[in-house]
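Okay, structure first, notes after.
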Amino acid sequence: MIGLLSMIEPTAVDEALSDDGWILAMQEELIQFQRNDVWDLVPKPQKKNIIRTKWVFRNKMNEQGEVVRNKARLVAQGYSQQEDIDYTETFAPVARLEAIRLLLSYAVNHGIILYQMDVKSAFLNGVISEEVFVNQLPGFEDLKYPDHVYKLKKSLYGLKQAPRAWYDRLSNFLIKNDFKRGEVDTTLFRRNLEKDILVVQIYVDDIILCSTNASLCKEFSKLMQDEFEISMMEELKFFLGIQINQSKDGVYVHQTKYTKVLLKKFKLEDCKVMNTPMHPTYTLNKEDTRSTVDQKLYRGMIGSLLYLTASRPYILFSVCLCARFQSDPRESHLTVVKRIFRYLKGTTNLGLLYRKSLDYKLVEFYDADYAGDKIERKSTSGNCQFLGENLIS
């Protein structure tokens, strides 16, 4: 298997079909379709919308940036779906970052180890009620029935209703097994057993769990394995691009790998290091007369930095200040954004440390710069919430 790993992500099906590693990855995806009984091959119906499909190829990497798996995903081109015909409800709740931080703080203060697992090809488990047809797979057409199409019984990645169908399937399964869904956060489930509690946090197909009794986590893993095909339960280390180190001193949350990827992406890995993300005397305004810069580049840098605030919240003020000028970025604005990256260059390992708190209370702080915008006289305000010593929001 390792010998068949490909280091290059193909951009087209023909390219993938010439590589044994990617052929194996595509075959693994089709095996998942067969196991989940996703569809039936039927004659092409008249006057029905036939949704096209495509292959998406991605290399899965570990924390060190090494390729550990070739992942081929067959997705539907959902933009061609027609509302009230191909789909109805599409909304599905997703765990907020604040909920993840809250769970981290809870685990630390109760001396609990956090575990993770993910459901393989999760969306293929969601049952759909609409009549949906997709064309045959690029590179894997049926030679006997080349004009047939697939009628879906389960949801497919890319379909607008796929997240909703998967959430309904998973939440109904958990509720049937004595879990209670959170009233505020509907992606949080808990089960009480005498004096112990098992908490499960859902983020699409990624699952975080913890319990005051370690045996309950093992029982939950067995319960999920009996219903879905899941990865092995392991200690929480890497979640949504965020690295999580658990130790007896607490939980350290950081994005070192992500930061290094950003510096390389924007060609700033060899830049000069700065001690602060922004100089206190900087003033940015829309009336800047200097030349414009590439809007796509500027927006890409801002978007990347915003995700980095998951573990580096103190750069949020500087990033949001620069984000105001995305519609018409100028050289002065780009200079300030690059300074943030230059600061990150020297602080790639910084993050958030969650420790056990003696005073386990929710505390909130507010601040504002009162008319900090010299042109429009608008204020920039901010607030943060701590549970004990740990930042939540």
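Observations, loosely collected:
- Compared with the alpha-carbon gap, the fully stretched path from Ile113 to Lys267 is longer by 51.6 nm at 0.36 nm per residue.
- Once the convex hull of all Cα atoms in the chain is built, its volume per residue stands at 196 Å³.
- Once the Cα atoms are used to define both axes, helix 256-265 deviates from the longest principal axis of the chain by about 90 degrees.
- A DSSP coil position with no more than 15 other Cβ atoms inside 10 Å describes the following GluC sites (Glu not before Pro) in the range 334-393: Glu376.
- Ile230 long-range amide H proximity, modeled H, under 5 Å: Lys120
- A convex hull fitted around the alpha carbon atoms of the range 273-393 yields 115 Å³ per residue.
- Chymotrypsin sites (Phe, Trp or Tyr not before Pro) restricted to DSSP loop in the range 184-235 with at most 13 other C-beta within 10 Å: none
- Shape index of the range 131-246: Rg/Rh, with Rg the Cα radius of gyration and Rh the Kirkwood radius from the inverse mean 1/r over Cα pairs, equals 1.09.
- The residue list Pro313, Ser6, Val337 was ranked by how far each Cα lies along the charge dipole of the chain toward its positive end, using unit charges on Cβ atoms, and Val337 comes out on top.
- In this simple spin-label approximation, Ser379 and His148 carry label points 7 Å from Cα along the Cα→Cβ vector, and these lie 6.8 nm apart.
- Karplus 3J(HN,Hα) series, Hz, for the range 349-364 with 6.51 cos²θ - 1.76 cosθ + 1.60 (x for Gly, Pro): 8, 6, x, 10, 10, 9, 10, 5, 10, 6, 9, 8, 10, 8, 10, 10
- In plain terms, the C-alpha convex hull of the range 171-310 casts an average shadow of 14.2 nm² when viewed from every direction.
Quick note: the coordinates plus some simple rules give every number you see, no bench work behind them. All values derive from a computational prediction rather than experimental measurement. Because the Cβ atoms are built from the backbone with ideal geometry, glycine has one as well, and the counts that use them run over all protein chains shown.
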